[in-house]
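One structure is given below, encoded as structure tokens.
The values are calculated or read from the model by the stated rules, or taken from the named source; none is laboratory data. Because the structure is predicted, anything quoted here is derived from the model rather than measured. With ideal geometry, Cβ positions are generated from the backbone for all residues, glycine too; neighbour counts draw on all protein chains shown.
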Amino acid sequence: MTVRVVLADDHALMREGLSALLAATPDISVVGEARTGREAVSLVQQLGPDVIVMDIAMPDLNGIEAARLIHARSPATRIVMLSMHSTAEHVYRALEAGASGYLLKETAGDEVITAVRTVHAGRQYLCTALAGSVRDSAHAPGPVDSLSPREQQVLQMVVEGKTSNEIARILCLSPKSVETYRNRLMKKLGVENIPSLVKFALEHGLTPHK
């Protein structure tokens, strides 16, 4: 049986590389590609793939929140997260959002086929570079854990430069509600201005580096 896979990453070269690797494997077929988190959620609902391999840091909707939506709306699709971050916090957040696998980008080419086959078989896959250290360490909640899913959405859109009116339109909220969410999340994170908020989002992999 062929495993149907969707790839989601805002870097075309990364998608092309992974697609070439997977396409050369007889039992795996790449059926779609997405550039943003929202495209990934939409594509999974349209195509119903067996597995999605998805970057954490994507524009519009980051991979963690996209994984949460995919897990809720399309639970049969297994999720493998891609990331540059190897901390226990990032792995914990990905698994908590519904991911079954976690790959570091630097080793993804070597392990993506094994990861896809493993999660499709119903098992969890953590890349060999971090599996031991993550399993052996207890996760202490990080600052991102204090934010609600809605606050995380507002955070990402703010750091991407969207205005309160634009965010309100996308999330079907009033501009005043957006301002309330923004002020609340900045207070929770202990930041006082947008540059500090952008730095925080980049450090925690919530939005891609420009």
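Just to be sure, is residue 72 surrounded by fewer than 17 Cβ atoms within 10 Å (Cβ to Cβ) and under 26 Å from residue 144 (Cβ atoms)? In short, yes.
Within segment 177-196, the residues that satisfy the criterion of being within 21 Å of residue 165 (Cβ to Cβ), in contact (Cβ under 8 Å) with a residue 12 or more places away in the chain and buried (at least 19 other Cβ atoms within 10 Å of the Cβ) are 178, 181, 182, 185. The residue of segment 112-133 that is modelled with the lowest pLDDT, among those that are part of a helix (DSSP H, G or I) and surrounded by fewer than 19 Cβ atoms within 10 Å (Cβ to Cβ), is 133. Of all the residues in segment 33-48, those that are of a type outside the set (Asp, Glu), modelled with pLDDT of 95 or more and either touching a Leu at 6+ places or on another chain (Cβ under 8 Å) or in a helix (DSSP H, G or I) (or both) number 9. Exactly one residue out of 57, 66, 72 is touching a Gly at 6+ places or on another chain (Cβ under 6 Å), assigned by TED's automatic domain parsing to the domain that holds residue 117, aliphatic (A, V, I, L, M) and part of a helix (DSSP H, G or I): that is 66. Scan 9, 27 and give me the residue that is buried (at least 16 other Cβ atoms within 10 Å of the Cβ), in contact (Cβ under 8 Å) with a residue 40 or more places away in the chain and not β-branched (Val, Ile, Thr). From the options 9, 27, the qualifying one is 9.
Which residues, counting only those in segment 161-173, are surrounded by fewer than 12 Cβ atoms within 10 Å (Cβ to Cβ) and in contact with a helix residue (DSSP H, G or I) (Cβ under 6 Å, 6 or more places away or on another chain)?
165
Surrounded by 22 or more Cβ atoms within 10 Å (Cβ to Cβ) and without any contact (Cβ under 8 Å) to a residue 40 or more places away in the chain: does that describe residue 32? When the stated conditions are applied, residue 32 does not pass them. With the structure loaded, tell me whether residue 155 is at pLDDT 80 or above, within 20 Å of residue 55 (Cβ to Cβ) and not assigned by TED's automatic domain parsing to the domain that holds residue 73 or whether it fails that test. Against the criterion (at pLDDT 80 or above, within 20 Å of residue 55 (Cβ to Cβ) and not assigned by TED's automatic domain parsing to the domain that holds residue 73), residue 155 qualifies. Close Cβ contacts (under 8 Å, 6 or more residues apart or on different chains) running from residues in segment 43-55 that are farther than 14 Å from residue 108 by Cβ and touching a residue at least 60 places away in the same chain (Cβ under 8 Å) to residues that are aliphatic (A, V, I, L, M) and surrounded by fewer than 24 Cβ atoms within 10 Å (Cβ to Cβ) comprise 50/3; 50/76. Within segment 72-99, residues that are closer than 17 Å to residue 51 by Cβ have Cβ atoms under 8 Å from residues that are assigned to a loop (DSSP other than H, G, I, E, B) and of a type in the set (S, T, N, Q) in these pairs: 78/100; 79/100; 80/100; 95/124, counting only partners at least 6 apart in sequence or on another chain.
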